[in-house]
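Peer 1: Let me give you the structure first, and then I'll get to my questions.
The values are calculated or read from the model by the stated rules, or taken from the named source; none is laboratory data. Note that this is a predicted model, so its numbers are computed, not measured. Note that we place each Cβ from the backbone using ideal geometry, even for glycine, and neighbour counts take in every protein chain shown. The accessibility values were calculated without ligands, DNA or RNA, using every heavy atom of the protein model including side chains. Shrake-Rupley method; radii C 1.70, N 1.55, O 1.52, S 1.80 Å.
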Amino acid sequence: MRTKIVVGNWKMNNTVAESIELATAITEKVGKGIHCCEVGIAPTFLALHEVGKVIEWGDIALCAQNCHYENDGAFTGEVSASMLAAAGCGYVILGHSERRQYFGETNAVVNRKVKRVLEQGLRVILCVGETLQEREAGITESVITSQVVEGLEGVSDISSLVIAYEPVWAIGTGKTATSAQAEEVHASIRATVAGLYGQQAAAHLRIQYGGSVKPSNAAELFAMPNIDGGLIGGASLNVDDFMAIVKAAC
Ligand code: 13P
């Protein structure tokens, strides 16, 4: 039985003060006993330390949105996995489509980050997803398979891995994949992982869905057999919407 996981990816939103305010509001609600699924929030790097202090007494995982693939050195403007570990992070989101699209991250770069983050004892949320063009060209499965296979190259243990399927055309657009469309891709990801790591490891792997998840569609998505929670963008910035989505995972 897989425990569902719902993570709010705040992206480039909220100042430190606003992040503390939102984290406090979420912590108060989660603190009242939502233990049926794992909950995480991913604020801006700047706010990680303060948000970490807020959620210390709650049951929420501190997540980062990205990191560099080296632990230290002359990489102006970057943040390393070892720094995130020291800051109390539990998870690092890697390979988000916005990183791939706007910052040129390839599967090879994502793979280096995945290995570094795991080496630091942190958990990885590896994002995969096809563009609208790729979906219309009928190559969704091969694109996702490459992202999974190449993203995990050289990784021998996936017990600290979560995969997030986020169709690029559904992110921030209000267009959600239907539960059947999402389930089809999730099942194919699980089959790919079973081929690489065996049935048992694949059966334990949690695969989140992301892309315009809202209180109105979360329950239907999370009810699918291979959908193990969500990676939530826009709706995670509103405490009531985020909590409604968390509750839909229970
Ligand atoms: P939205 O929920 O805003 O579509 O964003 C999804 C996402 O990219 C989460 O990482």
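Peer 1: Hey, among Ala164, Ala177, Ala201, which residue is part of a loop (DSSP other than H, G, I, E, B) and of a type outside the set (Lys, Arg)?
Peer 2: On inspection, the qualifying residue turns out to be Ala177.
Peer 1: Considering only segment 187-230, state which residues are open to solvent by less than 20 Å² (accessible area, probe 1.4 Å), within 9 Å of the ligand (Cβ to nearest atom) and without any contact (Cβ under 8 Å) to a residue 40 or more places away in the chain.
Peer 2: If the condition is that a residue be open to solvent by less than 20 Å² (accessible area, probe 1.4 Å), within 9 Å of the ligand (Cβ to nearest atom) and without any contact (Cβ under 8 Å) to a residue 40 or more places away in the chain, then Val213 is the only one that fits.
Peer 1: Can you tell me how many residues in segment 77-108 are under 15 Å from Ser146 (Cα atoms), in a helix (DSSP H, G or I) and within 17 Å of the chain's Cα centre (by Cα)?
Peer 2: The total comes to 3.
Peer 1: State which residue is farthest from Gly230 (Cα to Cα) when the search covers only segment 99-125 and only residues that are within 12 Å of the ligand (Cβ to nearest atom) and open to solvent by less than 50 Å² (accessible area, probe 1.4 Å).
Peer 2: Arg100
Peer 1: List pairs: first residue in segment 149-169 and at positive phi, second residue open to solvent by less than 70 Å² (accessible area, probe 1.4 Å) anywhere in the structure, Cβ distance under 6 angstrom, at least six positions apart or on different chains.
Peer 2: That search, which allows pairs on different chains as well, returns nothing.
Peer 1: Hey, another quick one. Is it the case, given these coordinates, that Gly233 is within 16 Å of the ligand (Cβ to nearest atom), among the small types (Gly, Ala, Ser) and open to solvent by less than 30 Å² (accessible area, probe 1.4 Å)?
Peer 2: yes
Peer 1: Restricting to segment 129-168, count the residues that are within 16 Å of the ligand (Cβ to nearest atom), under 17 Å from the mean Cα position of the chain (by Cα) and of a type in the set (A, V, I, L, M, F, W, C).
Peer 2: 5
Peer 1: If you don't mind, another one. Looking for whichever is closer than 26 Å to Val79 by Cα, touching a residue at least 40 places away in the same chain (Cβ under 8 Å) and among the aliphatic types (A, V, I, L, M) here; the options are Val39, Val16. Which one fits? Break it down stepwise before answering.
Peer 2: Details: Val16 fails: touching a residue at least 40 places away in the same chain (Cβ under 8 Å).
So the residue among Val39, Val16 that is closer than 26 Å to Val79 by Cα, touching a residue at least 40 places away in the same chain (Cβ under 8 Å) and among the aliphatic types (A, V, I, L, M) is Val39.
Peer 1: Please list, ordered by first then second residue, the pairs with beta carbon atoms under 7 Å, 6 or more apart or interchain, first in segment 117-143 and part of a strand (DSSP E or B) and at pLDDT 95 or above, second charged (D, E, K, R) and open to solvent by less than 50 Å² (accessible area, probe 1.4 Å).
Peer 2: Cβ pairs passing all conditions: Cys127/Glu166.
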